[in-house]
Amino acid sequence: MCANCNPVSAPSQKVPPLIRRNLLLITLSQAMVGVGFQMVPALTPLMVVQLSGSPALAGIGVSILGASRFAVGYPFGKLTDMIGRRPGLGLAIGVGLVGAVLIGIAMAMRSFYLFLGALMVFGAGMGAAQQMRLAAAEMFPASRRAEGVGFVLTGSLVGALVAPLLVRAAQGASAQVGVDGLALAWLLVPLALAPALGALFLVHPDPRFIATHLDRYWPGLKSSPPPSPARNEAGFLDYFRRFPTLVAFICSMVSQGNMAMIMALTTLALSHHGHSPTAISVSVAIHVVGMFGLSLPLGRLADRIGRKAVLLWGLVISAVGSALVPLTPHYWVITTGTFLVGVGWSFVNVGATALIADVVHPSERGRAIGANDTFSNASGIVLPLVLGVGVATLGLGVLGIVGVGMMVPALLLGLRLREPRLAPRPAPASGGNGSG
């Protein structure tokens, strides 16, 4: 570790053809996965109220999604460390596809308990699929790693644009086909997940293999040795004893928890003020633009000024967004606040992913990212449920208080972070090695 947390600048090299091809395929897959993922905050609060008759349970859908991601994060990461990123991610998308169909069936049947079980299946698949960002990170040298993460995460903007169109199409066609509009929207999700699965299987070689042979794919690469693997097989708690991964985990936890509670409950608030499911979906889409629209420039920024600065700025922006949401019932003010919450989350997600990949050996990165997802989603389980009751009794103002307050300890911890010095960028070269 060193006090200077900035990468050493050097001339940039064009991304080698094979890496570029894999990156575009993973980005396409991430984009299509984003269509289904956005349905949870946009539609499940409304579905829960219809099925249960209780607005107090509005946050349970987002909480179940968090619970599923909590359950699968670490074991799925361990699985991808064993079998590779590509087959593991393919399995994840397949599970998510089945879950989406089951959610649509549950809504059509008006079965609350089937809905809860189906959402757990969907959440497990979509939660595991979030390791696509790791697949991107592993194909890039450390000095450009966050750029790779940012590029793939930007693909989720397609999901932000397509999901509202899908919801609107389902609402318009529901009367003609005799299926509830909310149910039909979920039954259309496989149309997005199937191409995601196809694109993923075209990726070759596996990003985990590329990570251990970067010099084959990046000519002129002058890289420092990768972090040493754990002496014994790294366990979940091992990452809490490494300060950089601890900082990444804490920052991810508060930003993820804050975003989960904001999205679960502001969707219900917008509905209460008379806004249609399409308008709510547009608001969520704007939030998703905040989550992913700046990912690529943020990745490049994290490669230049360091992971620490990006993490700290993300926490500050998240706090501002949380404070803004409960200030007024007006649609665009609430939407602006949720947009800023998404931007803050994006800062933290890019910075934390790159930081973990910087300090963890390729053979255990799946477990490390999985542990991070498990830990961060723990807050995504608890906060929407607890704050649902709090908002019902105390009003939306409690969201701002909790959202701002939880950022403070993470900021204090992040200020102590000293990052590893990254190697210089690859020297310019005429072409890349396209062999696997």
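The values are calculated or read from the model by the stated rules, or taken from the named source; none is laboratory data. Note that the structure is predicted; figures quoted are calculated from it, not measured. Heads up, the Cβs are rebuilt from the backbone with ideal geometry, glycines too, and the neighbour counts pull from every protein chain shown. Keep in mind that these areas ignore ligands, DNA and RNA; they rest on the heavy atoms of the full protein, side chains included. Shrake-Rupley method; radii C 1.70, N 1.55, O 1.52, S 1.80 Å.
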Checklist entry - By per-residue mean of other Cβ atoms within 10 Å, what is the highest-first order of 79-90, 116-127, 166-177, 137-148? => result 137-148, 116-127, 79-90, 166-177
Next on the checklist: Could you give each residue of region 131-137 its phi-based ³J(HN,Hα) in whole Hz, using Karplus coefficients 6.51, -1.76, 1.60 with θ = phi - 60°, and x for Gly or Pro?
Outcome noted: 6, 4, 5, 5, 4, 5, 4
Checklist entry - When only C-alpha pairs under 8 Å and at least 6 residues apart count, what is the relative contact order of the chain, in percent? => result 32 percent
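Taking N as the number of residues in region 82-135, what is its alpha-carbon radius of gyration divided by 2.2 N^0.38 Å?
In units of the globular-protein estimate, region 82-135 measures up at 1.27.
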Item to check | Dipole of region 72-230, positive end: most advanced residue of A100, Y217, M82 [Cβ charges, Cα centre] | outcome: Y217
Checklist entry - Calculated from DSSP H runs of 4 or more alone, at -39500 (n - 2.57) each and per residue, what is the 222 nm mean residue ellipticity of the chain, nearest 500? => result -24500 deg cm²/dmol
Checklist entry - Roughly how many percent of the accessible protein surface of region 24-157 is carbon and sulfur, given a 1.4 Å probe and a whole-percent answer? => result 76 percent
Item to check | Stretchable slack from V177 to L114, in nm (0.36 nm times residue separation minus alpha-carbon distance) | outcome: 20.5 nm
Item to check | In Hz, Karplus ³J(HN,Hα) per residue of region 162-176 (6.51, -1.76, 1.60; θ = phi - 60°; x = Gly, Pro) | outcome: 7, 4, x, 5, 5, 4, 5, 4, 5, 5, x, 8, 4, 5, 5
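Quote the relative contact order of region 267-381 in percent (integer), defining contacts as alpha-carbon pairs under 8 Å separated by 6+ residues.
Relative contact order for region 267-381 comes out at 29 percent.
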Next on the checklist: Rolling a 1.4 Å sphere over the protein heavy atoms, what is the accessible area per residue of the chain, to the nearest Å²?
Outcome noted: 36 Å²
